[in-house]
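Asks: This structure is in structure tokens; I'll ask about it shortly.
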């Protein structure tokens, strides 16, 4: 027949095991909640980075267009300057000299 002291000791040990398991589950739940929160932060940062990347690509595309227009304008301006210099030289030569 089991001793009442041993039964009480076993009951106390079982309660202690139950309490420890309960604490462990609570800690795991807290850790999981923290991981979930960190994941949400990482996801939000990723979304912000993607938005910034899209904006950067858009700005870069506009700058490429602007550079192309500037290049065309410089070509036209150079042709106009050369034409004006040739015209001025022709006027000087036509008028009889320097």
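Asks: Between region 29-50 and region 1-27, what is the separation of their alpha carbon centroids in Å?
Replies: Comparing the Cα centres of region 29-50 and region 1-27, I get a distance of 38 Å.
Asks: Let me ask you something else. Scan (i) 3.38; (ii) 1.31; (iii) 3.31 for the value of Cα Rg over 2.2 N^0.38 Å calculated from this model and give just the label.
Replies: Checked against the structure: label (iii).
Asks: In addition: Hey, if you drop one equal point scatterer on each alpha-carbon of region 1-48 and run the Debye formula without solvent, what base-10 log of I(q)/I(0) do you get at q = 0.22, 0.24, 0.27, 0.31 Å⁻¹?
Replies: At q = 0.22, 0.24, 0.27, 0.31 Å⁻¹ the computed log10 ratios are -0.78, -0.82, -0.89, -0.98.
Asks: Moving on. Using Cα atoms only, what is the angle between the long axis of helix 4-95 and the major principal axis of the chain, expressed in degrees (0 to 90) to the nearest 10?
Replies: Approximately 0 degrees, to the nearest 10.
Asks: Could you bin all the Cα-Cα distances of region 43-83 into 10 Å bins starting at 0 and give me the percent of pairs in each, rounded to whole numbers?
Replies: For region 43-83, the pair-distance distribution reads 27, 25, 20, 15, 9, 3.
Asks: In deg cm²/dmol, rounded to 500, what helix-only [θ] at 222 nm does the chain give when every DSSP H run of at least 4 residues adds -39500 (n - 2.57) and the total is split over its residues? Present the calculation step by step, with values, prior to reporting the outcome.
Replies: On the way: 1 runs with 92 residues, N = 98.
Value at 222 nm, helices only: -36000 deg cm²/dmol.
Asks: Right, something else. For the chain, set up a Gaussian network in which alpha carbons nearer than 10 Å are linked by springs, and say which option among 21, 40, 60 fluctuates the most.
Replies: Among 21, 40, 60, the largest mean-square fluctuation in the Gaussian network model of the chain belongs to 21.
Read-outs throughout are calculated quantities, based only on the coordinates presented, and are distinct from any laboratory measurement. Note that the structure is a prediction, hence the values are computed from the model and not measured.
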